[in-house]
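Notes follow once the structure below has been shown.
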Amino acid sequence: MNYDEMQHLHISYNKKGLDLEAVGLKRQDVDVWDVYFNFQDHTMDEPPLRFSKIDPFGCKIFSITSKDLSEDEASQYFELWIKHELNKAL
């Protein structure tokens, strides 16, 4: 996967005693952002290999179709992912 080196987002979640961050990377030549979460940076066990992984960003957890993704919109998607995927482990 090729990413646009000029476009990325730091996506934060600071609620319920959690301080988590993901990174959104914009794919080249297409309006899609891939969001990565580094489980090890947050002292969490990585899930089974259902995620692709890029160091140092971690595992790709989801993608968002958007030309110009805002930090607020990305944060809403990240919060939904946390509630759906991580609340099982928290």
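Restricting to segment 12-39, name every residue that is out of contact with any strand residue (DSSP E or B) (no Cβ under 7 Å at 6 or more places or on another chain) and modelled with pLDDT of 95 or more.
Result: Val30, single match.
For residues that are more than 9 Å from the chain's Cα centre (by Cα), among the hydrophobic types (A, V, I, L, M, F, W, C) and either closer than 15 Å to Leu80 by Cα or loosely packed, with under 14 Cβ neighbours inside 10 Å (or both), tally how many sit in segment 1-55.
Adding up the residues that qualify gives 6.
Restrict the check to segment 58-81 and report whether at least one residue is of a type in the set (Lys, Arg), free of Cβ contacts under 8 Å to residues at least 12 places away in the same chain and on the phi < 0 side of the Ramachandran plot.
Initially, segment 58-81 is screened for residues of a type in the set (Lys, Arg), giving 60, 67.
With the extra rule that they be free of Cβ contacts under 8 Å to residues at least 12 places away in the same chain, the set shrinks to none.
Checked against the condition, which is being of a type in the set (Lys, Arg), free of Cβ contacts under 8 Å to residues at least 12 places away in the same chain and on the phi < 0 side of the Ramachandran plot, segment 58-81 yields no hits at all.
Hey, which of the strands (runs of 3 or more DSSP E) in segment 7-76, taking only ones fully inside, have at least 1 residues that are charged (D, E, K, R) and touching a Phe, Trp or Tyr at 6+ places or on another chain (Cβ under 7 Å)?
18-27, 58-65
If a residue has to be farther than 15 Å from Ser12 by Cβ, in contact with a strand residue (DSSP E or B) (Cβ under 8 Å, 6 or more places away or on another chain) and at pLDDT 90 or above to count, how many in segment 59-90 make the cut?
7
The values are calculated or read from the model by the stated rules, or taken from the named source; none is laboratory data. Note that the coordinates shown come from a computational prediction; the quantities given were computed from them, not determined experimentally. Neighbour counts are summed over all protein chains in view; Cβ atoms, including those assigned to glycine, are modelled from backbone coordinates with ideal geometry.
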